[in-house]
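Data block below; observations after.
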Amino acid sequence: MNQTIPTHAQVVVIGGGIIGCSTAYHLAKEHNVDVVLLERGKLTCGTTFHAAGLVGQLRSNASITRLLKYSVELYETIEQETGLASGWKQNGGLRLANNQERWTEIKRQTTTARSFGLEMHLLSPKEAKDLWPLMDESDLVGAAYLPSDGQANPSDLTQSLAKGARMHGVNIIEDILVEKVDTENNRVVSVDTDQGSIQCEKLVVCAGQWSKEIGRISGVNIPLQSMQHQYMVTEPMGVPANLPTLRDPDRLTYFKEEVGGLVMGGYEPNPKPWDVASIPQDFKFSLLDSDWDHFEQLMEQALIRVPGLEQAGVKSLINGPESFTIDGNFILGEAPEITNYFVGTGFNAYGIAAAGGAGKALAAWVVTGEQPMDLWVVDIRRFSQMHRDDAWVKARTVEACAKHYTMAWPHEEYRSGRPLLTSPLYKCLQSYGACFGSKLGWERPNWFAPEGVNPEDEYSFGRQNWFKYVGDEHSLVRNAVGLFDVSSFAKFELSGKDAAAALDWICANHVTREPGRVTYTQLLNSRGGIECDLTVAQLDEEVFYIVTGTGFRVHDFAWIQSHIPEDYQAELTDITEQYGTLSLMGPKARDVLQAVTDNDCSNAAFPFAHARMINIAGHSIRALRMTYVGELGWELHIPLAATGDVFDVLMEVGKPFGIRPVGYRAIESLRLEKGYRAWGSDITPNDSPFEAGLGWAVKLKSDIDFVGREAAMAASKAIRKKQLVCFTVDDPKISLLGRETILRNGQIAGYLSSGGYGYSIENSIGYGYVRNDAGVDNDHLNNADYQLVVAEEKVSATVHLQPLYDPQGQRVRM
């Protein structure tokens with residue numbers, strides 16, 4: 001069908017499902033942007049039309065919960081704004097527990113809900129039955145109820161959002177096929193369709209299952225896998241219209257009311273992918289064949305929970321494919337491959353719940369170029385080159401989908417697609433009893449099992465089977481010396497005549513001092529929030545070596561690259577795979593290092609926060625004297641092929657000092673004791689360095705301008721409304737995991753951002769922001785009684801404003 005299309009728009013949105021319509025609506029309404037939305041068929045024809053429509057709000061991440069809360073607020077008002085019914089119904093949501101472990105999980109979720117400002121109540125089996133009379137509650141331990149959850153009609157809601165978008169000037173064009181995305185100088189300049197070309201300044205891909213193929217047109221990686229998702233619709237059976245939605249994870253099922261009947265679906269332990277090379281463009285308002293054999297396992301569980309289903313007539317079994325991701329989180333943000341190319345897709349069957357908030361956040365991201373809050377868990381920059389492997393993505397997504405209703409154990413690791421990336425020491429560390437975890441594809445030793453112990457995690461909400469062995473590793477580093485394989489650390493090189501000037505602009509700390517210096521720094525956004533947290537070593541006047549966390553490789557590279565001024569001569573290169581990295585840490589670290597090199601490793605010759613080239617086992621090694629565990633030590637960056645040689649000589653020479661390999665779980669306990677912050681939990685784009693206790697690392701006393709300086713200056717002078725502090729609990733047997741509620745004088749004052757155990761102090765440790773709109777200072781922090789709410793139990797706690805271990809930092813400078 002030929003139709004008149006515009007030749008230009010500020011923003012082109014591809015996809016007319018609920019995500020695309022919400023994004024277009026918010027772009028136009030909140031930012032007054034000229035938007036054209038392109039839909040290959042009719043609105044909702046892809047996935048939206050067959051979505052089940054449950055709207056739950058609670059997630060394990062505060063920002064995502066905030067987005068879903070906003071969705072509910074929007075759905076409550078959109079009908080009034082547009083005059084189109086949305087089918088929104090706030091009938092509340094129930095979640096059931098059939099055993100004690102699930103009950104512990106639900107109690108922790110209830111605590112998390114309150115931490116995030118959601119009303120959630122624990123119920124007895126009888127109270128749950130009173131709310132949901134159709135169920136057999138005889139096997140229940142308990143339940144939780146969120147009164148603000150609900151359900152919507154996905155098609156009606158999308159049409160209402162579309163009308164709202166049109167009311168604010170969005171041009172929605174249906175029956176138009178995108179064929180190509182044109183770029184110049186790595187920027188989107190236009191979108192070619194089967195009916196002409198549209199020039200644009202920014203592109204937003206919200207095409208659901210088709211997003212992956214659209215991304216590939218331009219070399220953008222959008223790792224999705226379509227999964228078959230089935231639900232049954234019954235004939236009317238007298239179900240009241242106000243019946244809450246119900247999730248029964250131990251029986252893998254969910255329920256909602258629909259026209260006096262029930263919708264029942266679930267998540268099988270053996271989910272089926274939709275195995276097609278590419279999704280057909282003519283798959284519009286289409287479904288897959290019903291698979292009753294596969295659905296039977298869910299039906300059996302549903303009949304136990306709702307015996308009345310046995311007498312109900314079945315209207316249909318819907319089998320609608322939906323896009324899922326490798327970690328169960330959706331995909332949002334600016335693609336690292338192309339500037340001004342944005343993505344909002346992969347919603348793992350909760351796109352209706354997320355659409356309002358995700359569209360709002362994505363619209364703000366498109367306009368400002370920065371995520372409007374901490375959205376790391378859904379950021380497209382969490383993916384890397386490995387996620388271009390369709391077979392790997394499929395295997396991991398199938399596993400993630402199968403875990404949808406399984407227990408969310410602390411420290412749980414995925415098993416599929418492993419091992420993928422390994423350091424040269426992988427097999428060697430296996431021989432030492434390593435139990436490996438995985439981060440961005442890299443196999444990394446979490447802990448080491450002693451002889452006779454199986455190196456496998458055994459999951460629980462209490463102390464897990466590795467607790468004692470990690471404690472032994474922790475003590476080794478505190479009292480002698482340990483050796484960590486941290487080869488997965490991301491490593492970049494920035495070089496060129498303007499490299500120093502570029503880092504002056506990008507980094508909050510002063511990193512361009514003199515060759516041989518290493519500097520810890522944050523990279524700030526325009527709001528003064530922390531976007532990256534890394535170290536920079538100046539190798540010479542024009543070459544800098546940057547080290548950051550494994551999982552932040554793509555994110556941090558993209559942030560640095562995008563903030564190098566266009567007229568600067570500075571080249572950023574990812575050299576991660578060129579170097580293996582060993583971290584030699586502990587009070588005996590100098591004894592070991594000096595025994596394997598002729599270079600002077602004394603404190604005078606090689607002080608803290610410096611870098612030197614040293615020789616070990618005939619190899620030239622870049623040694624950085626830095627630490628993330630609070631002890632004397634060095635990071636040794638080794639030409640990859642020489643990693644094994646250096647490891648062997650360190651282990652041999654270190655024998656008299658008791659050296660052993662140490663894993664990442666010990667790193668976590670060591671850093672908690674020392675008060676080192678972790679990006680993504682303790683420090684995020686929501687937090688300023690001054691709120692996080694890192695104001696000392698911001699160069700406000702210099703006259704050097706940098707990204708976020710104005711906001712940082714304002715934050716340094718303003719009354720702080722939150723402050724990151726440390727807590728210990730009076731009962732050291734309590735397990736702190738993060739998200740526990742902080743009570744100050746009995747009132748909610750925040751929640752923990754991270755938690756764990758400190759073996760040196762023999763107590764559980766938690767970090768969290770204490771919040772108060774009237775201001776937070778030391779008097780406010782110290783003059784109060786504190787409790788932490790752990791799985792709905794109040795536990796007495798003590799606040800600490802200094803690190804629990806070596807508060808003066810003397811040990812790292814020995």
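General observations
- Förster-model FRET efficiency, 51 Å R0, Gln199 and Ala617, C-beta, rounded to 0.05: 0.30
- The residue list Thr535, Ala480, Val518 was ranked by how far each Cα lies along the charge dipole of the range 462-562 toward its positive end, using unit charges on Cβ atoms, and Ala480 comes out on top.
- Packing order of peptides 524-534, 649-659, highest average first: 524-534, 649-659 (average count of other Cβ atoms within 10 Å over each peptide's residues).
- 11 Å cut-off, amide nitrogen to a point 7 angstrom out along Arg813 Cα→Cβ, residues in the range 607-632: 608-609
- For the range 691-814, the number of Lys pairs with C-alpha atoms closer than 25 Å, counting only pairs eight or more positions apart or on separate chains, is 9.
- Amide H contacts of His229 (H built 1.01 Å from N, under 5 Å, at least 5 apart or other chain): Gly320, Glu322
- With respect to the chain, whose longest principal axis is taken over its alpha-carbon atoms, helix 553-562 is tilted by about 90°.
- Calculated from backbone phi, Karplus (6.51, -1.76, 1.60) coupling profile of the range 79-91 in Hz, x at Gly/Pro: 5, 5, 5, 9, x, 9, 5, 10, x, 5, 9, 8, 9
- Relative to the globular-protein estimate of 2.2 N^0.38 Å, the Cα radius of gyration of the chain stands at 0.97.
- The range 75-143: C-alpha gyration tensor shape, a/c 1.5 cut-off, then a/b vs b/c: oblate
- Full extension of the chain between Lys180 and Asp598 gives 144.5 nm of extra length, using 0.36 nm per residue less the Cα-Cα distance.
- Highest-first arrangement of 632-640, 134-142, where packing means the average Cβ count within 10 Å: 632-640, 134-142
- Karplus-derived 3J(HN,Hα) values for the range 514-522, using 6.51 cos²θ - 1.76 cosθ + 1.60 with θ = phi - 60°, are 6, x, x, 9, 10, 10, 7, 8, 9 Hz; glycine and proline are entered as x.
- Cα shape, the range 23-81, gyration tensor, a/c 1.5 rule: oblate
- For Asn686, residues with placed amide H under 5 Å, excluding near neighbours: Asp374, Ile530
- Dipole magnitude for the chain: about 1360 debye, using +1 per Lys or Arg Cβ and -1 per Asp or Glu Cβ, origin at the Cα centre.
- Sulfur and carbon atoms: percent of accessible area, the chain [1.4 Å]: 47
- Distance between modelled label sites at Gln569 and Asp777, nm, 7 Å Cα→Cβ extension: 5.2
- When only alpha carbons of the range 1-133 are considered, Rg and Dmax amount to 19.6, 62 Å.
- Taking the DSSP beta bridges with both ends in the chain, the antiparallel portion is around 85 percent.
- About the Cα centre, charge dipole magnitude for the range 514-570 (Lys/Arg +1, Asp/Glu -1 at Cβ), debye: 320
- Counting all C-alpha pairs of the range 239-390, share separated by more than 27 Å (%): 40
- Between helix 390-402 and the chain: long-axis angle, C-alpha atoms, 0 to 90°, nearest 10: 70
- Counting only Cβ charges, +1 for Lys and Arg and -1 for Asp and Glu, the dipole size of the range 512-642 around its Cα centre is about 520 debye.
- Charge dipole (the range 206-268, unit charges on Cβ, about Cα centre) - positive-most of Gly261, Pro223, Ala241: Pro223
- Accessible area (Å², per residue) of the chain, counting only protein heavy atoms and a probe of 1.4 Å: 37
- Contact order for the range 95-234, expressed relative to its length and based on alpha carbon pairs under 8 Å spaced 6+ residues apart, stands at 14 percent.
- Computed packing ranks the peptides 200-212, 171-183, 41-53, 733-745 as 200-212, 41-53, 733-745, 171-183, most packed first, by mean other Cβ atoms within 10 Å.
- Whether the range 746-814 is rounded, prolate or oblate, judged on the alpha carbon gyration tensor where a/c under 1.5 counts as rounded: oblate
- Gyration tensor over the Cα atoms of the range 334-481: the corresponding equivalent ellipsoid has semi-axes (square roots of 5 times the eigenvalues, largest first) of 36, 18, 17 Å.
- Charge dipole (the range 35-159, unit charges on Cβ, about Cα centre) - positive-most of Gln90, Met135, Val55: Val55
- J(HN,Hα) series, the range 406-416, from Karplus relation 6.51 cos²θ - 1.76 cosθ + 1.60, nearest Hz, glycine and proline x: 7, 4, 8, 6, x, 6, 5, 10, 6, 10, 6
- Counting only alpha carbon atoms, the long axis of helix 467-479 and the longest principal axis of the chain meet at about 30°.
- Partners for Lys163 among lysines (Cα-Cα distance below 28 Å; same-chain residues under 8 apart left out): Lys29, Lys42, Lys69, Lys89, Lys180, Lys202, Lys212, Lys256, Lys284, Lys360
The values are calculated or read from the model by the stated rules, or taken from the named source; none is laboratory data. Since the model is a prediction, treat every value here as computed from it, not as a measurement. Here Cβ is always computed from backbone atoms with ideal geometry, including for glycine, and neighbour counts include all displayed protein chains. Ligands, DNA and RNA are stripped out before the accessible areas are found, and what is left, the full protein with its side chains, is counted by its heavy atoms. Shrake-Rupley method; radii C 1.70, N 1.55, O 1.52, S 1.80 Å.
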